[in-house]
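Enquirer: My questions all concern the structure below.
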Amino acid sequence: MKLIFRYIKRYSNMVALAIFIKLLGTMVELALPYILEHIIDYVVPGGVLMEVILWGLLMFAAAIACRQVNIKANELAINNAHKISYEVRQELFIKTTNLSGNQFDTIGLPSLISRMTSDSYNVQSAVQQLQTMCVRAPIMLIGGVLVSLIMDANLAIIMVVMLPVLLAMVIAISAKGMPMFVKVQEKLDSVVRVMRENITGIRVVKALSKSDYETRRFAKANEEMTKQDITAATVMAMPGPFMQMALNTGLALVVIFGAGRVNDGLMKPGVILSFLTYFNMITMGVMGISRIFMTMSKANASANRIDTVIGMDTDQMILSEEEAQKPSGDSFVRFEHVDFSYGGDSVSDNKMDFNGEEREKALSDISFEIKKGESLGIIGPTGCGKTTVVNLLMRFYDTDSGGVFVDGRDVRTYDKDELRKKFGVVFQNDLIFQDTLRENVSFGREVSEEQVRGAIEDAMAADFVDNLEKGLDHEAAIKGANLSGGQKQRILVARALAANPEILVLDDSSSALDYKTDASMRKAIAEHHSESTVIMIAQRISSVMNMTKILVLDNGKCIGYGTHEELMKTCDTYRETYTAQMGAIA
């Protein structure tokens, strides 16, 4: 709950106003039965019509005032709750975009999505209730008891005796149910994960006729979450029937003993009617407190999950020049004896994963260098560590050992934005956004129309873009569903080229292109972006054979490094791949 109160503090004035208005409305509501009792027992027996009318008008005015004040309080509470939940989601989103690769892998995308949606909604509900129900219910309970004691202490003892038992039951059950809601949210993470996998891979699911299989898999995750939710809700609902029975019993006792006291002349009839109203208010107060505990239990679990992410300290500190490693050469991009494994924990020994087991290396003793304006091709089988090189170069992850340098500096000395502005990147399975092609290429950067057009032409995308009815204003569907694979790749390459990056990274960016288009695109990049240092990851040797240097990887290790001609002489794997691929083309 610390997170909730931290955000409430930012809106303390508006929250205090909502609480004050709600308190005022509740106090007026508490006064209504007392006014009614006075009218029945004292005004009506007096027989003065004008006095009856005046007191009736007073009660009517109080009822209208109560209604209007409560409406205003609720409006303020809703407005404050939405503003706070907006800030929670905004801060959570910003934090998510700045998580390191290891932190992101640890939490997982499905969990981050459910924290952004379900958990933030639970926090919003709690903030709203803190300003309304959390004010009204205790005041109804305590105020109802106090007024009842003032009106007739003997009759009020019935309620006073029952309330501590009921409240103790609510608190005990809530303490048991709170951890259960944490498990509910964890099960929701699994549901989101399965749903996301199926939505992302819906074409594969349909193509392989696996809809029934995936439906069963989702049903299993959904059932587990539903069972956990039912268990938690059942536990939290346990006090309800007992409280209702106890309160109804108390209500009956009030009527029985109250009638006896009226008959004995110890109290007036209006007091019984007022008592019944107050007893109903007290009942609503107790039930409201029960609902508060349920909402707060959910909100506490959700707030802790959100705070876990927002409160994460960065595990990628920016180093000073004195703390950083120094490159041994003057190359523009340089790796020196780099080792890296996924699944590391910045707190523990970086050789161990989160389960305390030794991690398998994704890269082992990798070294290479290229000068400004030169190019590097990286080739090797799937899973050999090609993309990992880019992840380390852009500092999505930090190395276990060794150094990564850009422009003569350890990448750990750069501010992340400063470092990444040097890059234009096309990743594997990169994303086309639901927007115009122009916006997909410019991507919110300060690039001119001329730069966009030049990038489209260099990426060999002009031929199909110009044939579209709206050209660059053509609206791409979600994930570029209305574009072919080759069209998407060319738009992505244009995005990478548009800002004239210092370092151009193309990770398997031409797999959907024919050889002619691929060759034309590489030629255009070489001619019009000669100052860019190019790193190209590819499966085709034809895409990298003209690079300044070629790095051949296998199982995270360098098995060849040099020019095409050098590798044909020194690297058996490269030579065999070349023969297989180029022979197939011939």
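The values are calculated or read from the model by the stated rules, or taken from the named source; none is laboratory data. It should be emphasised that the depicted structure is a prediction, and the values quoted were computed from it without experimental measurement. In this analysis, Cβ positions are derived from the backbone assuming ideal geometry, glycine residues included, and neighbour counts consider all displayed protein chains. Keep in mind that these areas ignore ligands, DNA and RNA; they rest on the heavy atoms of the full protein, side chains included. Shrake-Rupley method; radii C 1.70, N 1.55, O 1.52, S 1.80 Å.
Enquirer: Looking at ILE559, ILE550, which is the one that is over 30 Å from ILE491 (Cβ atoms) and of a type in the set (A, V, I, L, M)?
Expert: Values: ILE550 fails: over 30 Å from ILE491 (Cβ atoms).
Residue meeting the stated conditions: ILE559.
Enquirer: Considering the range 268-281 alone, what residues qualify as being open to solvent by 20 Å² or more (accessible area, probe 1.4 Å) and farther than 23 Å from VAL135 by Cβ?
Expert: To start, the set of residues in the range 268-281 that are open to solvent by 20 Å² or more (accessible area, probe 1.4 Å) comprises 268-269, 272-273, 276-277, 280.
Of everything in the range 268-281, those that are open to solvent by 20 Å² or more (accessible area, probe 1.4 Å) and farther than 23 Å from VAL135 by Cβ turn out to be LYS268, PRO269, ILE272, LEU273, LEU276.
Enquirer: So which helices (runs of 4 or more DSSP H) are wholly in the range 469-586 and hold at least 2 residues that are modelled with pLDDT of 90 or more and open to solvent by 10 Å² or more (accessible area, probe 1.4 Å)?
Expert: Details: elements: 485-498, 515-528, 541-544, 564-570, 572-585.
Once the helices (runs of 4 or more DSSP H) in the range 469-586 are filtered for at least 2 residues that are modelled with pLDDT of 90 or more and open to solvent by 10 Å² or more (accessible area, probe 1.4 Å), what remains is 485-498, 515-528, 564-570, 572-585.
Enquirer: Okay, next question. Could you list, ordered by first residue, the pairs with Cβ atoms under 8 Å in which the first is in the range 572-586 and within 15 Å of ILE550 (Cβ to Cβ) and the second is outside any helix (DSSP H, G or I) and modelled with pLDDT under 90, at least 6 apart or interchain?
Expert: Pairs that qualify, where the first residue is within 15 Å of ILE550 (Cβ to Cβ) and the partner is outside any helix (DSSP H, G or I) and modelled with pLDDT under 90, are GLN581/ARG540.
Enquirer: Same structure again: If I go through the range 459-468 residue by residue, how many of them are open to solvent by 50 Å² or more (accessible area, probe 1.4 Å) and in a helix (DSSP H, G or I)? Full working, then the answer.
Expert: Of the range 459-468, the ones open to solvent by 50 Å² or more (accessible area, probe 1.4 Å) are 460, 463, 466-467.
Now restrict to residues that are in a helix (DSSP H, G or I): 463.
Of the residues in the range 459-468, 1 are open to solvent by 50 Å² or more (accessible area, probe 1.4 Å) and in a helix (DSSP H, G or I).
Enquirer: Could you list, in sequence order, the residues of the range 399-425 that are part of a helix (DSSP H, G or I), under 24 Å from LEU492 (Cβ atoms) and open to solvent by 20 Å² or more (accessible area, probe 1.4 Å)?
Expert: Result: LYS416, ASP417, GLU418, ARG420.
So that you can scan it fast, the table gives a plain yes or no per residue for (1) of a type in the set (D, E, K, R); (2) at pLDDT 80 or above; (3) open to solvent by less than 60 Å² (accessible area, probe 1.4 Å); (4) over 18 Å from SER111 (Cα atoms):
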{"position": "SER190", "(1), (2), (3), (4)": "no, yes, yes, no"}
{"position": "ILE199", "(1), (2), (3), (4)": "no, no, no, no"}
{"position": "ILE202", "(1), (2), (3), (4)": "no, no, no, yes"}
{"position": "ALA207", "(1), (2), (3), (4)": "no, no, no, yes"}
{"position": "TYR213", "(1), (2), (3), (4)": "no, yes, no, yes"}
{"position": "THR226", "(1), (2), (3), (4)": "no, yes, yes, no"}
{"position": "VAL235", "(1), (2), (3), (4)": "no, no, yes, yes"}
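Enquirer: Search the range 33-44 for residues that are crowded, with 18+ Cβ neighbours inside 10 Å and pair each with any residue that is among the acidic types (Asp, Glu) and in a helix (DSSP H, G or I) when their beta-carbon atoms are under 9 Å apart and the residues are at least 6 apart or on different chains.
Expert: Going by the 9 Å Cβ cut-off, the qualifying pairs are VAL43/GLU51.
Enquirer: Here's something else I'd like to know. Determine the pairs where a residue that is within 14 Å of THR117 (Cα to Cα) and in a helix (DSSP H, G or I), located within the range 178-204, has a partner that is open to solvent by less than 70 Å² (accessible area, probe 1.4 Å) and at pLDDT below 75 with Cβ atoms under 6 Å apart, the partner being 6 or more residues away or on another chain.
Expert: none
Enquirer: Which pairs turn up if I take residues in the range 427-438 that are touching a residue at least 60 places away in the same chain (Cβ under 8 Å) and look for partners that are open to solvent by 90 Å² or more (accessible area, probe 1.4 Å) with beta carbon separation below 8 Å, at least 6 apart in sequence or on another chain?
Expert: ILE432/LYS479
Enquirer: Additional query: Which residue, of ILE78, ILE64, is surrounded by fewer than 14 Cβ atoms within 10 Å (Cβ to Cβ) and under 27 Å from GLN129 (Cα atoms)?
Expert: Numbers: ILE78 fails: surrounded by fewer than 14 Cβ atoms within 10 Å (Cβ to Cβ).
Among ILE78, ILE64, only ILE64 is surrounded by fewer than 14 Cβ atoms within 10 Å (Cβ to Cβ) and under 27 Å from GLN129 (Cα atoms).
Enquirer: Also, I was wondering about something else. Quick check on the range 282-341: of everything there that is open to solvent by 60 Å² or more (accessible area, probe 1.4 Å) and hydroxyl-bearing (Ser, Thr, Tyr), which residue is nearest to ILE173 (Cα to Cα)?
Expert: So in the range 282-341, the residues open to solvent by 60 Å² or more (accessible area, probe 1.4 Å) come out as 284, 291, 293, 298, 304, 308, 313-314, 317-318, 321-323, 325-326, 328, 330, 337.
If we keep only those that are hydroxyl-bearing (Ser, Thr, Tyr) as well, we get 308, 314, 328.
Working: THR308: 26, THR314: 38, SER328: 65 Å.
Within the range 282-341, the match that is nearest to ILE173 (Cα to Cα) is THR308.
Enquirer: A further question on this structure: Within the range 275-297, identify whether any single residue is out of contact with any Leu (no Cβ under 9 Å at 6 or more places or on another chain), in a helix (DSSP H, G or I), of a type in the set (Lys, Arg) and at pLDDT 85 or above, and answer yes or no.
Expert: no
Enquirer: If you don't mind, there's one more thing I want to ask. With the structure loaded, tell me whether LYS361 is under 32 Å from the mean Cα position of the chain (by Cα) and part of a loop (DSSP other than H, G, I, E, B) or whether it fails that test.
Expert: So LYS361 passes the test.
Enquirer: Can you tell me which residue is surrounded by the most Cβ atoms within 10 Å (Cβ to Cβ) among those in the range 432-458 that are over 26 Å from LYS516 (Cα atoms) and among the β-branched types (Val, Ile, Thr)?
Expert: Within the range 432-458, the match that is surrounded by the most Cβ atoms within 10 Å (Cβ to Cβ) is VAL447.
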